[in-house]
1. How many residues does segment 29-75 hold that are in contact with a Ser or Thr (Cβ under 9 Å, 6 or more places away or on another chain), touching a residue at least 60 places away in the same chain (Cβ under 8 Å) and of a type outside the set (A, V, I, L, M)?
2. Being buried (at least 24 other Cβ atoms within 10 Å of the Cβ) and polar (S, T, N, Q) is the filter; apply it to segment 274-300 and report the residue that is farthest from Q146 (Cα to Cα).
3. When the residues of segment 320-346 are narrowed to those that are surrounded by 12 or more Cβ atoms within 10 Å (Cβ to Cβ), of a type in the set (A, V, I, L, M, F, W, C) and closer than 25 Å to K18 by Cβ, which ends up modelled with the highest pLDDT?
4. May I ask you to list pairs of residues, at least six apart or on different chains, whose Cβ atoms are under 7 Å apart, with the first in segment 131-147 being of a type in the set (D, E, K, R) and modelled with pLDDT of 95 or more and the second being crowded, with 24+ Cβ neighbours inside 10 Å and outside any helix (DSSP H, G or I)?
5. Please work out if T193 is in contact with a Gly (Cβ under 9 Å, 6 or more places away or on another chain), β-branched (V, I, T) and modelled with pLDDT of 95 or more.
6. Being part of a helix (DSSP H, G or I), farther than 22 Å from L63 by Cα, touching a strand residue (DSSP E or B) at 6+ places or on another chain (Cβ under 8 Å) and not hydroxyl-bearing (S, T, Y) is true for just one of L295, L245. Which residue is that?
7. Looking at K4, K18, can you tell me which residue is of a type in the set (K, R) and not in a helix (DSSP H, G or I)?
8. Tell me, yes or no, whether segment 181-190 has at least one residue that is farther than 27 Å from R291 by Cα, among the charged types (D, E, K, R) and modelled with pLDDT of 95 or more.
Amino acid sequence: MTPKLNVVPFVSVDHMMKLVLSIGIERFLLELCAYVEDDFRRWESFDKVARVAAHSPDGVIELMPTSDGAAYGFKYVNGHPKNTRDGRQTVTAFGVLADVANGYPVLFTEMTILTALRTAATSAVAARHLAPKGARTMAIIGNGAQAEFQALAMKALIGVDRLRLYDIDRAASEKCRRNLQGFGFDIAICDGTEEAVQGAEIVTTVTADKQNATILTDNLVGAGIHINAVGGDCPGKTELQAAILRRADIFVEYPPQTRIEGEIQQLPSDHPVTELWRVIVGDVQGRTDGRQITLFDSVGFATEDFSALRYVRDKLAGTAFYEELDLLADPDDPRDLFGMLLRAAA
């Protein structure tokens with residue numbers, strides 16, 4: 001890409017899909033996992049703030065910014081569970097990466113697909129450090145838009161190849177199984193959560209209802225399980241029975257955000273949790289024994305979007321999977337913005 005001061009590379013949904021498929025979905029996820037983990041390793045270099053959220057009875061709209069001092073990134077994202085009734089996505093997003101030195105954006109991209117990919121990549125990175133060694137079987141409770149991404153990331157990074165699916169809408173599970181045909185999974189569709197978790201070493205909950213729900217109950221959680229709690233992620237929305245949290249060792253991204261939005265909103269504000277980055281850099285142990293219950297209370301944090309934006313920008317070079325967007329004013333004389341406006345009439 002040849003820099004032009006007025007032009008920002010823009011990755012549309014169509015181009016994002018073509019970019020992912022040209023790389024290969026599993027390879028894309030595997031490489032993205034590396035970027036996510038690299039940024040967790042340099043966690044202390046980032047500006048960190050809980051996302052700015054505008055909640056309504058219908059959903060939430062959020063801005064997720066961060067910077068490592070050299071680049072700045074943000075994502076706009078919504079979460080509206082009722083959208084599926086109108087044929088719309090529950091989650092949509094776009095993002096921007098900018099150069100801190102001059103403030104100019106260097107990438108503008110769709111992030112609906114990219115968010116699903118980075119969420120799955122983050123889940124897999126956490127599982128690599130927290131799940132039982134050699135785990136191959138995962139239960140996925142909630143088989144909507146995120147499910148296939150979660151499965152493929154776990155396969156690519158840690159070797160999961162057996163899936164146990166459950167959704168209150170069986171058609172969603174059938175969709176998930178159909179989409180994952182040819183990816184090397186042994187897939188069972190189950191009639192309930194209890195059946196789905198039988199024999200699973202990893203349990204992923206990824207539902208979208210905007211309410212406190214009990215998707216997974218304490219009696220279903222046996223010793224040695226790793227729980228990947230992906231759904232929820234706003235005040236008043238949880239998926240796990242609180243008793244599970246009190247038995248588990250809990251790992252989070254950014255505690256000030258997770259205590260507001262995550263499963264741990266059900267617990268006292270001083271309940272001990274461990275930041276995932278500390279496990280990744282080796283400051284603390286993640287899984288310590290075979291009977292330990294580990295819980296990754298995943299809510300998504302801005303550094304993960306930053307990682308995804310960095311990865312996409314790096315992969316665009318030499319491809320045709322972007323457009324040149326005339327986004328920035330570029331007068332011949334930087335002081336003569338008004339003169340540029342007048343000359344447009346000529």
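The values are calculated or read from the model by the stated rules, or taken from the named source; none is laboratory data. Everything numeric here is computed off the predicted structure, so don't read it as measured data. Quick reminder, even Gly has a Cβ in these numbers, built from the backbone with ideal geometry, and neighbours come from all protein chains shown.
1. Number satisfying all stated conditions: 15.
2. T294
3. F321
4. R136/V160
5. Working: in contact with a Gly (Cβ under 9 Å, 6 or more places away or on another chain): no; β-branched (V, I, T): yes; modelled with pLDDT of 95 or more: yes.
No; evaluated as a whole, the condition is false for this residue.
6. Values: L295 fails: part of a helix (DSSP H, G or I).
None of the others qualify; the one that does is L245.
7. Working: K18 fails: not in a helix (DSSP H, G or I).
Matching residue, one of K4, K18: K4.
8. no
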